[in-house]
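Any read-out appearing in this document is the output of simple, stated calculations on the displayed coordinates, not a laboratory observation. Please read all numbers here as calculations on a predicted model, not as lab measurements. Cβ coordinates were reconstructed from backbone atoms using ideal geometry, including for glycine residues, and neighbour counts include every protein chain displayed.
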Amino acid sequence: MTAVVSAVTPAGAPSSTPAPESSATLPSGGAYVTTLPTDAEVWIDGTYVGRSPVLTAALSIGSHTVTVTKSGWQLHEEAIAIDADHIALVSFQLQVGPHPARGDGSYVLDGLPPGANVSVDGVKVPQAPGGPHTLASGTHQLSVTGHEGLMNETFLIVPGMTTHLIVRPAPRHEKSSGVVALVDDYLPEEAYSVDETHFQIHYSGHNVSGSLGDANVNFDGTNVRYAGVPVQIDGRLYLPLALLGTLSGQTTKSK
C-alpha cells in the first residue's frame, strides 16, 4: 500500500511555497512602415516583419533599426524612435540600385485641360482615356501644350506601380511655375536672338541671357533660377512664363 503524506501549515505560519508575483505590463508602441516602391522586405532589429506596407506592434520604447530591401533597389537602413501607446508612421523612398529592376509601370493623367496636347518623351499621347498608360520603368519627360502655354516636367515610373501625373500649372506670377510660353506672344521679334544653345534678350532696359535646357537665367547680372526650362521647339523659343511676365509686364497671354 502506498502511503500519502500531506503537510499542513499551521495558521499564521508562513507558507514554504512563495506565491507567484504579478507581472507588470511594460509600455510599448508600434510602427507602420511604408515604402516607395511598395512590396519591399522589412526587418526591425533584424527580425523579418513582412512586406511594405506593414504594421508592427508590441515594440519596446526607445530606438529600433528598420531595414528595407527590394530587388533592384538600394538597401535602406534607419533608426526610428518608438513612444508608448503610439504608432510611428515611417516612410522610406528607396534609391535605384546598381542593377535596376526591370519591368513596366503605368501613368494616369489627372486634370488634363480640354484641347491640350500631351507628349511623353517626344511621342504624342492620346488624351482619352487619361490612363493608365503602360510605360517602361525609369525617368520620363512630360510635355503639355495648350492655352496656358507649355509645361515640361520629369516623372518617375516604378515597375508594377501607377504614377498619377497632375496637370495643373502653378500661378503665373510665381517663379516656381514650371510653365514656359512662346516668346513671340510677349516680346517683339527684334527684342531677342537665339541659336542652337543660347538665347539673349535686350528689352525695356533689361539684359537677359541663358542656355537652352538650363533653368538658370542671367537677369540684369543676377542669376535667377526658374522651374520652367528654356526650350526651342520647331525653331521657336519658349521661356519661363514668370520671366516673360516680368519683361513684358503682362500677367496673361497676349491675344
TODO: Report the extension gain between ASP110 and THR197 in nm, rounded to one decimal, defined as 0.36 nm multiplied by the number of residues separating them, less their alpha carbon distance.
DONE: 28.0 nm
TODO: Could you give the size of the charge dipole of region 69-166 about its Cα centre, using +1 on the Cβ of each K and R and -1 on the Cβ of each D and E, expressed in debye and rounded to the nearest 20?
DONE: 440 debye
Task: Ellipsoid equivalent to region 58-124 - semi-axes via the Cα gyration tensor, in Å - done: 39, 20, 8
Task: Table column - 3J(HN,Hα) (Hz), region 44-56, Karplus curve with 6.51, -1.76, 1.60, x for Gly and Pro - done: 10, 6, x, 9, 5, 10, x, 9, 6, x, 9, 10, 10
Open item on the list: Once you place label points 7 Å from the Cα toward the Cβ at ALA84 and ARG51, how far apart are they in nm?
Closed with: 3.7 nm
Open item on the list: In whole Hz and in residue order, list the ³J(HN,Hα) couplings for region 97-112 that follow from phi through the Karplus curve 6.51 cos²θ - 1.76 cosθ + 1.60, θ = phi - 60°; x for Gly and Pro.
Closed with: x, x, 10, x, 5, 9, x, 9, x, 8, 9, 10, 8, 10, x, 5
- [ ] Work out the FRET efficiency for ALA215 and GLN95 from their Cβ-Cβ distance, taking R0 = 30 Å, and round it to the nearest 0.05.
- [x] 0.80
TODO: Find which of PRO126, HIS64, GLN141 sits farthest along the positive direction of the dipole of region 38-163, computed with +1 on the beta-carbon of Lys and Arg, -1 on that of Asp and Glu, about the Cα centre.
DONE: PRO126
TODO: Would you work out if region 188-255 is rounded, prolate or oblate? Take a ≥ b ≥ c from the square roots of the eigenvalues of the alpha-carbon gyration tensor; rounded if a/c is under 1.5, else prolate when a/b is larger than b/c, oblate otherwise.
DONE: rounded
TODO: Would you please state which residues of region 181-210 a label at ARG236 would reach in this model, taking the label point 7 Å out along Cα→Cβ and a backbone N cut-off of under 15 Å?
DONE: 181-189
